[in-house]
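Take a look at the structure set out below.
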Amino acid sequence: MKPIENIPQTTDADDGIFKSENEMRESLSKLCYGDLFLIGRIWVEALQAVLVGTKFNLIPAVNAMGKTKEDAVPKRPPPMKFEELPIYENPHYEYKDHVADKDKCPEYKNKLVHNALLPHVKKSRKRAKEIYENFCGTMKSHCKNTCASVKENKKRVKEYMRHPDNLVLRQGVLAAGTLTGFLLGGGGGVPKRFFFTSLGALAAGSLCFPKQTDEYFRTACYHTAKVALAVYNTTCGKDISLRERIPCKEDLPPEPKPRKPLCSK
């Protein structure tokens, strides 16, 4: 007896639009006044082939032994124990070979739209990065120049306001600062008015008379602390004394000149 040969069986798998070539010819000959569902399906399949890169099939592909394309692609088998492994089949090796065959073509995952838009996206990103870097560099340069200009102008203002030839202007600025603090402290009683007046005088004095303002401020703090300590000692019956001030080196009188040695007879 002759062995039975494998005869291809016809199946409507692989999601073909037409079941046979004759049906395709008859439908395409009447395409202008044919079925709207068929025309819409052809249009959708064409759009998928252009945008996504899928295969456009009009007639279903049939393999030997009646296996369709979906059946020919091995699926990833679930984890198995060695007792559960089949004897005559090797699903793990088939899936491994399938993955290896896909990896041989590195562009099998690239889509048509991806390949078309990738160069333009790269170019746009590079251009955007260049614009951003140029903008950051420009802003840093402007900030650096602005800080340097402000520092230089601040130095010039201090030198101008502390110059001995501008004594009248310096006194006027001090009086204006004191008056501003006095006006800002209005409506809050004597403590608030005194605090704001002192604050305005200190701000204007530190600009025009820095050395004198520092001396007056230290002296006022010292006498205020002595008065507060005297009140505390009187009230609580304590005897706490405050250390006397140590004069600054600049306030000390200059050292006397050395005397000439006496001539010995």
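The figures follow:
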item	result
Mean accessible surface per residue for the range 161-265, computed with a 1.4 Å probe while every protein chain stays in place, in Å²	85
Tensor-based shape of the range 152-238 (alpha-carbon gyration tensor, a/c under 1.5 rounded, otherwise prolate or oblate)	oblate
Estimated vicinal HN-Hα couplings, Hz - the range 213-230 in sequence order (Karplus 6.51, -1.76, 1.60; Gly, Pro = x)	5, 5, 5, 5, 5, 5, 5, 5, 5, 5, 5, 5, 5, 5, 5, 5, 5, 5
Residues E89 and L112, FRET efficiency given R0 of 35 Å [Cβ-Cβ distance, rounded to 0.05]	0.45
Net charge dipole size for the range 136-265 [Lys, Arg +1 and Asp, Glu -1 on Cβ; Debye, nearest 20]	440
Pairs beyond 30 Å (Cα-Cα), from K144/K192; K75/K111; K144/K249; K151/K211; K158/K249	K144/K192; K144/K249
Carbon/sulfur fraction of accessible area - the range 204-264, other protein chains in place, 1.4 Å, %	61
Accessible surface of the range 117-199 [probe 1.4 Å, protein heavy atoms]: carbon and sulfur percent	66
Heavy atoms of E244: accessible area, 1.4 Å probe, square angstrom to 10	110
Simple label model, 7 Å out from Cα along Cβ direction - E152 to R243, nm	4.6
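The values are calculated or read from the model by the stated rules, or taken from the named source; none is laboratory data. Computed from a predicted structure; not experimentally measured. Here Cβ is always computed from backbone atoms with ideal geometry, including for glycine, and neighbour counts include all displayed protein chains. Side chains are part of the model used for accessible areas, which takes the heavy atoms of the whole protein and leaves out ligands, DNA and RNA. Shrake-Rupley method; radii C 1.70, N 1.55, O 1.52, S 1.80 Å.
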